[in-house]
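Novice: Before anything else, here's the structure in question.
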2 protein chains.
Amino acid sequence: MTEHYRKMKSWVPVDPDSGYTIHNLPFGIFSTPELSRRVGVAIGEYIIDMRMLARLEFLEALEIDTTVFNRPYLNDFIECGRDVWTKTRQILISLLKDTDDDSPLKPHFERVFLPRRRALMHTPIKCGDYTDFYSSLEHATNVGKMFRPDNPLMPNWRHMPVGYHGRASSIVTSGSEIMRPKGQVLPKGEEQPIFSPSRALDFELEMAFVVGKKTEMGESISVEQAREHIFGMVLFNDWSARDIQKWEYQPLGPFLGKSFASSMSPWVITMDALEPFRCAGPKQEPEVLDYLKERGHHHYDVNLSVEIRPGRYAELETVSRSNAKHLYWSISQQLAHQTVNGCNVNVGDIMASGTISGPTPDSCGSLLELTKGGQEPITFKDGQERTYLQDDDVVILRGFCEKDGIKVSFGHVRGIVTPTKQ
Amino acid sequence: MTEHYRKMKSWVPVDPDSGYTIHNLPFGIFSTPELSRRVGVAIGEYIIDMRMLARLEFLEALEIDTTVFNRPYLNDFIECGRDVWTKTRQILISLLKDTDDDSPLKPHFERVFLPRRRALMHTPIKCGDYTDFYSSLEHATNVGKMFRPDNPLMPNWRHMPVGYHGRASSIVTSGSEIMRPKGQVLPKGEEQPIFSPSRALDFELEMAFVVGKKTEMGESISVEQAREHIFGMVLFNDWSARDIQKWEYQPLGPFLGKSFASSMSPWVITMDALEPFRCAGPKQEPEVLDYLKERGHHHYDVNLSVEIRPGRYAELETVSRSNAKHLYWSISQQLAHQTVNGCNVNVGDIMASGTISGPTPDSCGSLLELTKGGQEPITFKDGQERTYLQDDDVVILRGFCEKDGIKVSFGHVRGIVTPTKQ
């Protein structure tokens with residue numbers, strides 16, 4: 001990170017606590033009562049209407065069909081390719097940077113910028129295939145102990161980023177209601193399952209990346225190429241019904257215990273914005289196979305937290321603090337593994353990390369872990385207890401990067417639990 | 001099936017052995033050197049160009065935007081809804097039926113009909129989410145014995161149609177090359193995996209259905225509603241790399257051992273065409289939970305077979321004969337289970353049955369079962385042996401229904417194994 005880059009400021013007012021800085025410039029899809037769904041970029045308390053920016057001819061240098069900014073998903077913009085993403089960012093930085101000369105954007109402020117609080121944010125990506133990895137050693141060990149006390153970490157775990165295919169259709173964004181799923185559960189000590197609303201509804205603190213470049217069947221992406229194939233990252237809540245999951249998941253993996261909903265944060269943080277926050281991951285022992293070997297750093301230092309509002313009239317309280325740098329497997333290793341067999345990927349595919357638990361008890365990324373499988377409830381300030389989520393509970397995941405005085409926020413992803421429909 | 005329906009014949013010549021009868025009328029996507037990808041309907045040795053049929057105003061009664069027939073996937077036509085599918089079929093039957101009056105289509109024969117051998121068939125469906133079930137008791141038991149000798153059939157198996165999410169991006173159609181995948185495998189008796197092309201490439205004889213009506217998150221489809229939500233069915237080859245699968249699949253299920261390719265047959269057989277072939281399934285013991293209970297018959301009597309051409313210069317030989325009626329779980333139960341937790345489905349979602357093995361040794365739907373886990377090779381007429389597939393081997397799945405003199409063919413789905421790219 002150059003000193004020049006670090007010191008860069010915007011003439012658009014950005015609160016010192018805000019992570020929607022000129023260093024961030026995340027992409028999302030918004031609408032207002034007047035404006036249909038389209039691409040926006042966040043800065044400070046504002047959203048830049050990219051369609052309007054194009055119409056005012058500020059994006060001519062991109063040499064693309066700028067109607068890609070007038071779409072209900074980011075996919076068509078992402079299809080334009082990495083050079084276009086980076087060039088778009090450079091144009092935005094040059095327009096937003098505080099310099100001696102006034103920005104040519106200032107006279108158009110009212111047309112191009114709108115207050116974020118006035119906009120409705122939508123699911124930014126039309127997801128083709130969604131993969132959920134299982135890349136935190138701490139999470140895999142914590143959960144493994146509960147589901148398989150005699151065999152917590154499978155022999156394959158340290159050799160590959162274990163993952164499974166998830167359900168793409170039920171990926172939603174912040175603010176969505178999460179209906180408590182119903183299904184088969186096996187009451188303790190019984191041999192016959194019953195049909196019931198889940199009594200063990202949980203969140204999972206994850207991050208996810210968005211594939212930015214397609215491959216053909218038969219192609220593989222190497223670890224070193226992987227970042228070139230990734231558009232950006234989001235926060236991701238992989239809602240889980242532990243009782244449904246426990247009864248169904250053998251031998252083919254999680255299915256209805258997960259497929260009812262996953263929530264992604266609305267702003268996609270680009271890999272360019274995250275570049276200053278690259279860091280080393282944990283040492284991998286035993287040594288991995290060649291196709292998973294990394295040169296340099298492929299992890300990201302992202303501070304993460306989970307807040308719960310237990311019930312309608314309670315206050316939000318932080319229940320976990322973690323960091324993406326704790327992940328054992330990097331996003332580059334995940335993408336290399338996903339494609340090593342020749343599986344093709346498409347723009348808009350989403351690959352999530354798996355629950356990001358840290359080494360300490362307060363850094364566990366799920367209630368399953370925080371409450372030791374529902375055995376030890378957590379207590380809130382108002383005296384309420386929770387093992388798993390109750391109706392009306394709100395869960396918020398937050399994330400931000402901070403280094404040498406620059407801050408890049410992931411914002412948050414919020415979900416509210418609603419009762420099962422009968 | 002009325003006598004009238006049964007006796008119906010077309011004025012278009014249909015070979016007595018052909019299953020592309022007036023009772024069938026499957027939908028697919030074709031192109032020729034002159035015609036771009038579009039919707040076609042098969043009859044005899046011909047394809048009906050549905051775009052041309054619309055242009056000639058034979059489809060006015062549908063009261064839809066007939067440009068849906070000029071698309072590279074069937075999805076937009078399917079979106080029109082069940083009434084439109086049925087009405088389209090009725091119009092086609094009335095135009096194709098041999099009656100005393102000449103069909104108004106006859107004068108347009110050259111423009112509307114083209115020989116099937118001149119057309120290239122494409123993947124008919126743009127798949128959103130792909131689910132693979134595991135619905136054959138025989139297959140689950142056969143495989144369970146090999147992977148988990150002490151625990152072949154999991155306790156949940158007879159209570160629910162176990163399934164997992166598969167990879168939608170790599171679904172291709174008949175004629176596609178299937179590149180031998182590479183990946184991690186654990187050599188026998190070793191503790192460290194190696195990286196290698198798969199040495200245990202297998203087919204899986206499956207059928208799949210195509211979802212025809214979307215649901216919203218939180219909704220569930222009952223067993224009795226399910227058929228209304230299904231557009232049609234295809235043959236499905238869920239290619240599997242057993243060595244990769246074996247090492248990776250615990251605890252989250254199949255991933256890279258499956259995601260490199262799945263092949264679907266190009267003609268989608270509608271539920272209307274399959275109606276005469278509904279039949280009873282096996283008795284389910286113990287009794288299933290209410291949401292899985294069926295009234296009437298939800299199984300289909302579809303004769304299935306697998307042929308292999310072992311190497312470039314060999315002949316095709318049948319290695320397995322099975323039938324979809326052997327499946328323990330019906331497609332209605334599969335769709336009800338998939339959505340019981342509130343998971344939404346979309347038009348174009350594909351749900352496959354899992355390998356359809358029958359009760360006899362020659363009805364096993366995979367080499368894993370036919371060769372007892374690679375222990376007992378099968379021998380071809382020319383003396384060649386196979387445990388698993390070799391490069392240049394061709395696998396063809398075929399399917400047809402026959403009852404009271406009427407025949408409905410699924411055609412076939414063919415794949416050829418090509419060497420791993422290095």
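Novice: Return the FRET efficiency for the residue pair B:Glu228, A:Leu120: r is the Cβ-Cβ distance, R0 is 35 Å, and the value is rounded to the nearest 0.05.
Specialist: With a Förster radius of 35 Å, E is 0.55.
Novice: Moving on. For B:Lys283, project a label point 7 Å along Cα to C-beta. Then give me every residue of segment B:137-178 with its amide nitrogen under 19 Å of that point.
Specialist: Label zone hits: B:137-138, B:158-160.
Novice: Could you work out how far helix B:137-147 tilts from the main Cα principal axis of chain B, as a 0 to 90 degree angle to the nearest 10?
Specialist: 30 degrees
Novice: Once you have a ≥ b ≥ c as the square roots of the Cα gyration tensor eigenvalues for the protein assembly as shown, tell me rounded if a/c is under 1.5, and otherwise prolate or oblate according to whether a/b is larger than b/c.
Specialist: prolate
Novice: Connecting C-alpha atoms closer than 10 Å in a GNM of chain A, tell me which of A:Cys364, A:Cys80, A:Cys127 has the biggest fluctuation.
Specialist: A:Cys80
Novice: Further question on the same structure: What is the distance in Å between the Cα centres of segment B:301-345 and segment A:175-209?
Specialist: Cα centres, segment B:301-345 to segment A:175-209: 30 Å.
Novice: Peptide B:209-222: average number of partner chain Cβ atoms within 10 Å per residue?
Specialist: Averaged over the peptide's residues, the number is 2.
Novice: Right, next: When Cβ neighbours within 10 Å are restricted to other protein chains, what is their mean count per residue of peptide A:125-137?
Specialist: 3
Novice: Roughly to the nearest percent, how much of the accessible area of chain A is carbon and sulfur, given a 1.4 Å probe?
Specialist: Using a 1.4 Å probe with all protein chains present, chain A comes out at 47 percent carbon and sulfur.
Novice: Shifting gears a bit: I need the peptides B:387-393, B:255-261 ranked by packing, meaning the mean over residues of other C-beta atoms within 10 angstrom, with the highest value on top.
Specialist: B:255-261, B:387-393
Novice: Something else about it: Measuring with a 1.4 Å probe in the full set of protein chains, what accessible area per residue, in whole Å², belongs to segment B:3-122?
Specialist: Here the residues of segment B:3-122 average 50 Å² of exposed surface.
Novice: Could you grab the relative contact order for chain B? Cα pairs under 8 Å, six or more apart, rounded to a whole percent.
Specialist: Relative CO of chain B lands at 21 percent.
Novice: Among B:Val319, A:His297, B:Pro161, flag the residue with its Cα farthest along the positive direction of the charge dipole of the protein assembly as shown, charges on Cβ as +1 for Lys/Arg and -1 for Asp/Glu.
Specialist: It is A:His297, whose Cα lies furthest towards the positive end.
Novice: Further, regarding this structure: Considering only A:Phe133, A:Phe58, A:Phe400, give the residue with the highest GNM mean-square fluctuation for chain A, with springs between Cα atoms whenever their separation is below 10 Å.
Specialist: A:Phe58
Novice: In the structure shown, do any of B:Lys381/B:Lys407; B:Lys325/B:Lys407; A:Lys9/A:Lys87 have a Cα-Cα gap over 22 Å, and if so which?
Specialist: B:Lys381/B:Lys407
Novice: Treating the beta-carbon of each Lys and Arg as +1 and of each Asp and Glu as -1, no other charges, what is the dipole magnitude of the protein assembly as shown about its Cα centre, to the nearest 20 debye?
Specialist: The calculation lands at about 100 debye.
Novice: Could you tell me the calculated FRET efficiency between A:Asn151 and B:Ser36, based on Cβ-Cβ distance and R0 = 56 angstrom, to the nearest 0.05?
Specialist: It comes to 0.55.
Novice: Highest mean first, what order results for A:32-39, A:158-165, A:138-145, B:216-223 on Cβ atoms within 10 Å?
Specialist: A:158-165, A:138-145, B:216-223, A:32-39
Novice: Take the rotation relating chain B to chain A, measure from its axis to every Cβ in chain B, and name the nearest residue with the distance in whole Å.
Specialist: B:Gly253, 1
Novice: Follow-up. Show which lysines lie in cross-link reach of B:Lys126 when reach means a straight Cα distance below 20 angstrom and same-chain residues fewer than eight apart are skipped.
Specialist: Filter leaves A:Lys126, A:Lys213, A:Lys214, B:Lys213, B:Lys214, B:Lys258.
Novice: Cut-off under 14 Å on the C-alpha distance; same-chain residues fewer than 8 positions from A:Lys188 excluded. Which aspartates and glutamates are left, in chain and number order?
Specialist: A:Asp243
Novice: Taking the Cα centre of segment B:130-418 as origin, sum charge times position over the Cβ atoms of Lys and Arg (+1) and Asp and Glu (-1), and report the length of that vector in debye to the nearest 20.
Specialist: Dipole size: approximately 100 debye.
Novice: Kindly provide the helix-only [θ] at 222 nm of the protein assembly as shown, computed as the sum of -39,500 (n - 2.57) over DSSP H runs of four or more divided by all residues, to the nearest 500 deg cm²/dmol?
Specialist: Counting only the DSSP helices, I get -4500 deg cm²/dmol.
Novice: Compute the length gained on full extension between B:Asn346 and B:Lys293: take 0.36 nm times their separation in residues and subtract their Cα-Cα distance, giving the result in nm to one decimal.
Specialist: Extra length available between B:Asn346 and B:Lys293 comes to 16.7 nm.
Novice: State to the nearest 20 debye the size of the charge dipole of segment A:1-152 about its Cα centre, where the only charges are +1 on K and R beta carbons and -1 on D and E beta carbons.
Specialist: My answer is approximately 320 debye.
Novice: Which FRET efficiency, nearest 0.05, do A:Thr99 and A:Glu45 yield, Cβ-Cβ r, R0 30 Å?
Specialist: So the FRET efficiency works out to roughly 0.90.
Novice: Same structure again: Normalised by the residues of segment A:71-159, what does the relative contact order come to in percent, with Cα pairs under 8 Å and at least six apart?
Specialist: It comes to 26 percent, rounded to a whole number.
Novice: Which of the aspartates and glutamates could a cross-linker bridge to A:Lys7, judged by Cα under 19 Å and excluding same-chain residues fewer than eight apart?
Specialist: Cα-Cα hits under 19 Å: A:Asp15, A:Asp17, A:Asp98, A:Asp100, A:Asp101, A:Asp102, A:Asp272, A:Glu275, A:Glu402, A:Asp404.
Novice: I've got another one for you. Summarise the partner chain shielding of A:180-189 as one whole number: the mean count of Cβ atoms from other chains within 10 Å of each residue's Cβ.
Specialist: 4
Novice: What nm value, rounded to one decimal, do you get for the distance between A:Glu177 and B:His108 when each label is placed 7 Å out toward the C-beta?
Specialist: Inter-label distance under the simple model: 4.8 nm.
Novice: Once the Cα atoms of helix A:82-96 and of chain A are each reduced to a long axis, what angle between those two axes, in degrees from 0 to 90 to the nearest 10, is obtained?
Specialist: 60 degrees
Novice: Continuing with this model, one more query. Specify which residue in the list B:Ser366, B:Pro377, B:Leu137 is farthest towards the positive end of the charge dipole of chain B, using unit charges on the beta carbon of Lys, Arg (+1) and Asp, Glu (-1), about the Cα centre.
Specialist: B:Pro377
Novice: Sort shortest first the distances from B:Asp362 to its counterpart in every other copy, using label points 7 Å along the Cα-to-beta-carbon line, and give them in nm.
Specialist: 7.0
The values are calculated or read from the model by the stated rules, or taken from the named source; none is laboratory data. Because the structure is predicted, anything quoted here is derived from the model rather than measured. Heads up, the Cβs are rebuilt from the backbone with ideal geometry, glycines too, and the neighbour counts pull from every protein chain shown. When the accessible area is computed, the model is the full protein with side chains, heavy atoms only, and any ligands, DNA or RNA have been set aside. Shrake-Rupley method; radii C 1.70, N 1.55, O 1.52, S 1.80 Å.
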